[in-house]
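Enquirer: Take a look at this one; I'll ask things after.
The values are calculated or read from the model by the stated rules, or taken from the named source; none is laboratory data. Keep in mind the model is a prediction, meaning the values are calculated, not measured. Here Cβ is always computed from backbone atoms with ideal geometry, including for glycine, and neighbour counts include all displayed protein chains. Side chains are part of the model used for accessible areas, which takes the heavy atoms of the whole protein and leaves out ligands, DNA and RNA. Shrake-Rupley method; radii C 1.70, N 1.55, O 1.52, S 1.80 Å.
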Amino acid sequence: MDEKKVMLSGIQPSGDLHLGNYLGAIKNWADRAEEFDCYYFMADMHTITVRQNPADLRRRTLEQLAQYIACGLDPEKNTLFIQSHVPAHAELGWVLNCYTMFGELSRMTQFKDKSAKNADNINGGLFTYPCLMAADILLYQPDFVPVGNDQKQHVELTRDVAERFNHIYGDVFKIPQPYIPKTGARIMGLTSPESKMSKSTPEGCVFLMEKPEDIQRKFKRAITDSDTENCVRYDPEHKPGVANLMNIYAAVTGKSYEEIEAEFSGCGYGRFKPAVGEAVIETLRPIREEATRILGDKAYLESVYKSGAEKASYVAGKTLRKVYKKVGFVAR
Ligand code: TRP
């Protein structure tokens, strides 16, 4: 009997992965597989709530899968799959639509934000998206759902809907908990150290697949601070840009702030910034090479997402059958 706790998370393949995603999250996922039974899926069904270019969506979905594997997420130890390959998500999603209230969905801040941003395409999917997300989660009976702050409200709604369903039909769903990881650096934008590194500010964002010379250029142009001290010292309040670069350097080299201060004492930013760039380039190089190699090996990539979908379908199918029976559908 497998006693491991179950963990599940979905990632929308709507943008390229960057250093903030890697140091803040993905890097730590590899070790998790020892302790947890982990499911990670590319949430392609979620992305079409906003209009997508079909060829780009297909490419990014596979690229992201290749990049996750290259970052150390072992497909033998984790279940990696593509959401649309497991029809149970859509099937349970429909059922949960019927157990989620209009008022609850209206209160979701992400819906309010996204409908303000896409005023010409406020579609039904955007509104009921949390029901599909609840289905994504509840199908696998996970103990924990690692998510960023922006998704906590959706996990809370998932719990409410699961409790409502269980209240009517008995114990069908395990009630999952949001999981905010203890480890993981919070990486800020290189040109805007007051906000998180984000693909929407590309000049301050280092992408995993970026060319070394582009990475180095971005580090050389990174904001340090406005004082004239020109000294590498950890002071996040007064020197947020320097602190961010130190954080990045610490995360990729394993050095402490004291060690970094000593290493660059008397050097100024002119030597520090390219040194951070160099260390990041060397960290990303094997990831980029491995991701490129995997992407070129279509047969391997296909075998990963096929066996992932098979494992996921098996687990998801069990929950779906239980739900269908409870609500009164005739067994297939
Ligand atoms: N909604 C999440 C996001 O936008 C992605 C997601 C979809 C997800 N289904 C999930 C995350 C289930 C955790 C669990 O980031």
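Enquirer: Nearest 10 degrees, 0 to 90: what angle lies between the long axis of helix 88-97 and the longest principal axis of the chain (Cα atoms)?
Expert: Computed tilt is about 70 degrees.
Enquirer: Right, another one. Scan around TYR179 for amide H atoms under 5 Å from its own, H built in the peptide plane at 1.01 Å from N, and keep only partners 5 or more places away or cross-chain.
Expert: So TYR179 has HN proximity to VAL145, VAL147.
Enquirer: Right, next: Considering only protein heavy atoms and a probe of 1.4 Å, how much of the accessible area of the range 202-292 is carbon and sulfur, as a whole percent?
Expert: Its accessible area is 51 percent carbon and sulfur atoms.
Enquirer: Can you tell me the accessible area per residue over the range 1-130, all protein chains present, probe 1.4 angstrom, in square angstrom?
Expert: 45 Å²
Enquirer: What area, in nm² and to one decimal, does the C-alpha convex hull of the range 150-261 cast on average over all directions?
Expert: Over every viewing direction, the Cα hull of the range 150-261 projects on average to 10.0 nm².
Enquirer: Angle between the Cα long axis of helix 54-70 and the longest principal axis of the chain, 0 to 90 degrees, nearest 10?
Expert: Long axis of 54-70 versus the principal axis of the chain: about 70 degrees.
Enquirer: May I pose another question? Convert 4 °C to kelvin, take the viscosity as 1.567 mPa s, use the Kirkwood radius over C-alpha pairs of the chain as Rh, and evaluate the Stokes-Einstein diffusion coefficient in µm²/s, rounded to a whole number.
Expert: Estimated via Stokes-Einstein, D reaches 60 µm²/s.
Enquirer: Moving on. Keeping all protein chains in place, calculate the accessible area per residue for the range 202-292 (probe 1.4 angstrom), answer in Å².
Expert: Solvent-accessible surface per residue comes out at 48 Å².
Enquirer: Stretch LYS77-CYS267 to full length: gain in nm at 0.36 nm per residue minus the Cα-Cα span?
Expert: Taking LYS77 through CYS267 to full extension adds about 64.0 nm, to one decimal.
Enquirer: Also, quick follow-up: For the range 321-328, just list the computed ³J(HN,Hα) in residue order, Karplus coefficients 6.51, -1.76 and 1.60, θ = phi - 60°, integers in Hz, with x standing in for Gly and Pro.
Expert: 4, 4, 5, 4, 5, 4, 7, x
Enquirer: For the range 126-161 and the range 199-222, compute the distance between their C-alpha centroids and round to whole Å.
Expert: That distance is 33 Å.
Enquirer: Here is a follow-up. Return the loop-located GluC sites (Glu not before Pro) in the range 170-257 (DSSP other than H, G, I, E, B) with at most 16 other Cβ atoms within 10 Å of their own Cβ; answer none if there are none.
Expert: GLU194, GLU229, GLU237
Enquirer: Would you kindly calculate the translational diffusion coefficient of the range 1-148, applying Stokes-Einstein with the Kirkwood radius from alpha carbon pairs, for 37 °C and a viscosity of 0.692 mPa s, and quote it in µm² s⁻¹ without decimals?
Expert: 200 µm²/s
Enquirer: What whole number of Å gives the distance from the Cα centroid of the range 266-283 to the Cα centroid of the range 55-122?
Expert: Here the answer is 37 Å between Cα centres.
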